Amino acid sequence: MLALRCTVGKAPSLLARALTSMTNGFQSPPDMSEVRSRLRAIVGASTNWSDHVQAMHERKDLHSLLAKQQEDLPPRKMNDSYIEVILPLGSQPELREKYLNVHNTVRFGRILEDLDSLGVLICYTHTKHEASQRSPLSIVTALVDKIDLCKKVIYPDCDIKFTGNVSWVGKTSMEVKMHMLQVGLHDDTYSSVLDATFVMVARDPENKRSAFVNPLIPEGQEEEEIFRKGELNKMRRVDFSTASLLKMAPTAEERNIVHNIFLNTLDTRTVSFRSRVLPPNSVWMEDAKLKSLVICHPQERNIFNRIFGGFLMRKAFELGWATASSYGGARPYVVAVDDIMFQRPVEIGSLLLLSAQVCYTAENYIQIRVHSEVYDSDTREHKTTNVFHFTFMSEREVPQIVPKTYGESMLYLDGKRHFSATTK
């Protein structure tokens with residue numbers, strides 16, 4: 001069985017506890033509306049859609065502030081980017097409706113949006129340019145590496161606190177570690193809800209080319225270990241991508257798994273490779289999917305006037321949750337999110353097609369893969385923008401998912417790999 005867990009336990013890490021008084025420029029911990037207002041100010045984004053062309057045109061003048069090499073930028077420490085943010089669901093009841101779901105708990109999709117905004121602000125804090133209030137960098141989310149949850153329920157009437165800082169830096173990319181904590185129902189003690197690891201990339205003012213970011217200097221044994229884990233995470237991502245089933249054949253063990261599934265679904269009454277029978281308490285993979293269409297309006301734009309990545313994650317999660325609920329016949333709880341790659345931006349006005357597929361099951365766990373693509377009605381082309389992976393836990397044991405085609409078998413093995421990575 002897979003246990004809900006967070007690496008920080010019931011309190012922030014030693015690093016976070018040592019930094020609880022620091023808010024990097026805020027007199028007191030800000031809320032999410034202040035986070036988004038500060039992001040708009042940092043890049044000079046307009047709150048009016050009609051002004052976005054002029055606002056983006058003005059960013060061209062910031063090219064002169066870009067560093068020619070990383071060595072020209074001052075190194076930063078982990079506590080330089082540390083931020084705490086309060087989501088006052090307990091003390092400001094008017095906020096609750098936006099975050100409330102039908103089960104009287106917090107909508108996890110909204111939390112994904114908040115994590116995305118916070119991760120970007122943390123990176124802008126790390127790369128703060130002393131000579132200009134506006135940053136020459138366009139910082140965007142490249143990857144949601146991992147989100148681990150250690151609580152099934154997030155209460156809608158208790159304050160939430162987000163903390164985070166840059167934990168590793170490459171030449172043009174930054175890893176951000178964030179933690180979410182919530183006050184208990186009967187006391188004022190914060191306990192952990194989730195840990196999240198995002199990877200952000202820096203680009204030039206027009207978001208066309210990569211740009212250098214400030215190096216990170218770890219201090220002390222704990223920070224050195226955090227930085228070392230960031231290096232290992234990068235290597236793990238490279239290895240996982242190299243071994244992708246879109247590039248490499250399955251392993252010998254995986255080939256045996258696929259062949260055993262094939263043998264277990266053969267009709268013993270015939271001598272035919274094409275005659276297949278569904279085993280008891282099983283569902284064909286082709287019958288375990290849901291689809292949706294989203295018209296991308298300006299309301300969902302980010303500070304660079306493309307569709308906000310957090311919005312995409314929320315829509316994908318909610319479709320994935322609905323798929324898991326429909327498949328399991330009971331309320332599912334999200335356990336983990338991993339390996340969300342932002343392959344291309346989604347432009348305003350796009351038709352966004354989302355397809356959620358149950359690709360692996362084990363006992364009462366459901367692995368969901370959500371594929372998103374944009375459709376260009378002029379060229380009639382479909383282009384993939386994201387692939388999302390969600391692990392859900394159902395309230396009861398679920399049927400076994402069974403692939404029928406070779407392509408479905410690869411989806412099954414890919415889902416199994418992601419589930420195995422989650423259980424580790």
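The values are calculated or read from the model by the stated rules, or taken from the named source; none is laboratory data. Keep in mind that this is a model prediction, so the values were computed, not measured. Backbone-built Cβ (ideal geometry, glycine too); neighbour counts: all protein chains shown. Heavy atoms of the whole protein, side chains included, go into the accessibility calculation; ligands, DNA and RNA do not. Shrake-Rupley method; radii C 1.70, N 1.55, O 1.52, S 1.80 Å.
Annotations for the structure displayed:
- Taking the criterion of being open to solvent by 50 Å² or more (accessible area, probe 1.4 Å) and either among the polar types (S, T, N, Q) or assigned by the TED database to the domain that holds PHE198 (or both), the residues of segment 256-271 that qualify are ASN256, ASN260, ASN264, THR268, THR270.
Rundown of residues vs (1) without any contact (Cβ under 8 Å) to a residue 40 or more places away in the chain; (2) open to solvent by 10 Å² or more (accessible area, probe 1.4 Å), yes/no style:
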| residue | (1), (2) |
| --- | --- |
| PRO93 | no, yes |
| GLU97 | yes, yes |
| ASP114 | no, no |
| GLY119 | no, no |
| ARG134 | no, yes |
| LYS177 | no, yes |
| SER191 | no, yes |
| ASP195 | no, yes |
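- Unique residue being exposed (fewer than 14 other Cβ atoms within 10 Å of the Cβ) and at pLDDT 80 or above when the list is SER64, SER50, SER28, SER81: SER64
- Filtering segment 168-221 to residues that are among the acidic types (Asp, Glu) and under 30 Å from GLN70 (Cα atoms) leaves GLU175, ASP195, ASP204, GLU206, GLU219.
The rows are residues; the columns are (1) in contact with a helix residue (DSSP H, G or I) (Cβ under 7 Å, 6 or more places away or on another chain); (2) open to solvent by 40 Å² or more (accessible area, probe 1.4 Å); (3) in a helix (DSSP H, G or I).
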residue: LEU181; (1), (2), (3): no, no, no
residue: HIS186; (1), (2), (3): no, yes, no
residue: PHE198; (1), (2), (3): yes, no, no
residue: GLU225; (1), (2), (3): no, yes, yes
residue: GLY230; (1), (2), (3): no, no, yes
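- Being at negative phi, modelled with pLDDT under 85 and open to solvent by 90 Å² or more (accessible area, probe 1.4 Å) is a description that does not apply to PHE240.
- For first residues located in segment 251-275 and over 12 Å from TYR412 (Cβ atoms), partners that are open to solvent by 60 Å² or more (accessible area, probe 1.4 Å) and at pLDDT 90 or above and lie 6+ apart or on another chain with Cβ distances below 9 Å form the pairs THR265/LYS404.
- Flag set for ALA356, criterion: in the same structural domain as PHE311 (by the TED database), under 25 Å from GLU286 (Cβ atoms) and either modelled with pLDDT of 90 or more or open to solvent by 20 Å² or more (accessible area, probe 1.4 Å) (or both).
- Selection of segment 260-285 for residues being assigned to a helix (DSSP H, G or I) and within 22 Å of ILE366 (Cα to Cα) yields ASN260, ILE261, PHE262, ASN264, MET285.
- Positions within segment 286-309 being at negative phi and either part of a loop (DSSP other than H, G, I, E, B) or outside the structural domain of VAL374 (by the TED database) (or both), in sequence order: ALA288, CYS296, HIS297, ASN302, ILE303, PHE304, ARG306, PHE308
- In the condition set (1) open to solvent by 20 Å² or more (accessible area, probe 1.4 Å); (2) out of contact with any Pro (no Cβ under 9 Å at 6 or more places or on another chain), PRO74 is compliant with all but (2).
- Annotation note: of LEU319, LEU312, LEU290, the sole residue that is open to solvent by 50 Å² or more (accessible area, probe 1.4 Å) and among the aliphatic types (A, V, I, L, M) is LEU290.
- For segment 322-333, the tally of residues that are surrounded by fewer than 24 Cβ atoms within 10 Å (Cβ to Cβ) and either in contact with a Phe, Trp or Tyr (Cβ under 8 Å, 6 or more places away or on another chain) or of a type in the set (Gly, Ala, Ser) (or both) stands at 7.
- Out of SER377, SER372, sole residue that is under 16 Å from LEU351 (Cα atoms), among the hydroxyl-bearing types (Ser, Thr, Tyr) and open to solvent by 60 Å² or more (accessible area, probe 1.4 Å): SER377
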